[in-house]
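Bear in mind that the values in this text are calculations on the coordinates, not laboratory data. This one's a predicted model, so the numbers in the text were calculated from it and none came from an experiment. Don't worry about glycine lacking a Cβ; one is built from the backbone with ideal geometry, like all the others, and counts go over all protein chains shown.
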Ligand code: FAD
Ligand code: NAP
């Protein structure tokens, strides 16, 4: 199949913030051959190339020169089964949540806490997606990626991916590795993680004390639908800032000044809830033009309609400066700015 390249396309439907910038050229790629063809196309014309999946972790701040390549490869298969352990592979363009549900329907446990995260399978390792006490690294088997510098295709095992808190080798080298497919180590035996936040409570409210993985997934979906704005209705990219991880002594000093500080141990350090800091600083519900901070969730910046990426970026910079001044804590932006 030859490439179907579109010219001067609005990227509004392709990013969850619904920012209306234009791509000079845009192409959907469905398999490895098309991916290579698109890379050669851009290289031959010396065009910048931006790879996107679902566009749910992007802030687009300007029109895109060159080619935007959207991962649209599909396919899920069981690679191996040994006792209860099952390795499942999904192509990068598979939508994340339907993939999670598909695995649950196959009776495979492991991805349920990561239900309802938008985006694609291929982007999931980029920031080691995490929610409700589970990160992709906990269920990761391996992935196959193409090195855009050399054209080589290679496999990565978990310990080669430098997974960290919302971080990975692939995020640390922007634009170098193109993730083609990802494999997950799942299980037919239930080992559920219910101790995070309101998960167990929600299940108990439903009269479920010994849930299945599917029931955990459904409980998490219901919690998320209540707490988070739906990008189809209100543009957003989920959490706009990472939760800052700071030394214990600094956290203790902050706790003396702010007894309500929300903090969790993270290795030898302490993770603060960035949403709490932003809320304390009075930003929750703030709106300037169409750029704002969500009224229920201070960690989520929103586009009320026609905000530009620059306006949202400038709001984020003001919040960062304010939190630094008030608490002496640096917030790092989570979405990828282009
Ligand atoms: P995109 O936004 O399209 O791309 C993100 C980055 O990955 C870009 O730098 C892009 O160039 C690169 N990229 C995309 N595909 C590939 C590929 N195949 N190979 C190489 N590079 C690639 N995140 C969490 O961790 N936990 C959550 O609970 C969570 N909840 C969210 C809730 C909402 C409402 C929203 C809007 C976002 C949420 N996110 C969450 C953020 C986001 O959904 C995830 O980071 C998701 O994995 C992004 O996938 P995507 O396909 O949309 O990536
Ligand atoms: P929440 O449950 O209100 O908790 C607030 C913050 O406290 C979270 O950011 C979380 O950190 C931390 N936290 C809560 N309970 C914890 C525990 N038992 N142990 C360690 N840390 C704890 O958060 P929320 O905003 O509704 O989000 C729920 C989950 O979905 C979180 O895991 C969050 O990361 C994830 N989420 C992520 C995004 C995104 O775009 N990245 C968007 C929406 C939701 P962690 O964030 O480190 O878990």
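Descending by average beta-carbon neighbour count within 10 Å, the peptides 111-118, 230-237, 96-103 line up as 111-118, 96-103, 230-237, the highest first.
This ranking places 61, 120 by how few other beta-carbon atoms lie within 10 Å of each, fewest first, which gives 61, 120. What percentage of all Cα-Cα pairs in the chain are separated by more than 38 Å? Pairs farther apart than 38 Å: 17 percent. Using every pair of separate Cα atoms, the Kirkwood estimate puts the hydrodynamic radius of the range 76-227 at 15.9 angstrom. In this rough spin-label picture, where each label sits 7 Å from Cα along the Cβ direction, the residue 46-residue 304 distance is 4.5 nm.
When 1/r is averaged over all different Cα pairs and the result inverted, which Kirkwood radius in Å belongs to the range 170-209? About 14.1 Å for the range 170-209. P(r) tail, the range 6-71: Cα-Cα pairs separated by more than 14 Å, 54% of all pairs. Here the sum of -39500 (n - 2.57) over DSSP H runs of 4 or more residues, divided by the residues of the chain, equals -7500 deg cm²/dmol at 222 nm, to the nearest 500. Across the chain, the relative contact order, built from alpha-carbon pairs under 8 Å that are at least six residues apart, equals 16 percent. Averaged over residues, the count of other Cβ atoms within 10 Å places the peptides 216-224, 306-314, 253-261 in the sequence 216-224, 306-314, 253-261, highest first.
The alpha carbon centroids of the range 148-182 and the range 83-107 are separated by 20 Å.
In whole Å, what is the distance between the alpha-carbon centres of the range 56-79 and the range 220-244? Their Cα centres are 20 Å away from one another. Every pair of different Cα atoms in the range 237-276 enters the Kirkwood calculation, which places the hydrodynamic radius at 10.5 Å. Between the beta carbons of residue 102 and residue 62, assuming R0 = 51 Å, the FRET efficiency works out to 0.90 to the nearest 0.05.
Packing order of peptides 122-129, 10-17, highest average first: 122-129, 10-17 (average count of other Cβ atoms within 10 Å over each peptide's residues).
Sorted into 5 angstrom bins from 0, the C-alpha pair distances of the range 179-338 split as 1, 8, 14, 15, 15, 16, 15, 10, 5, 1, 0 percent.
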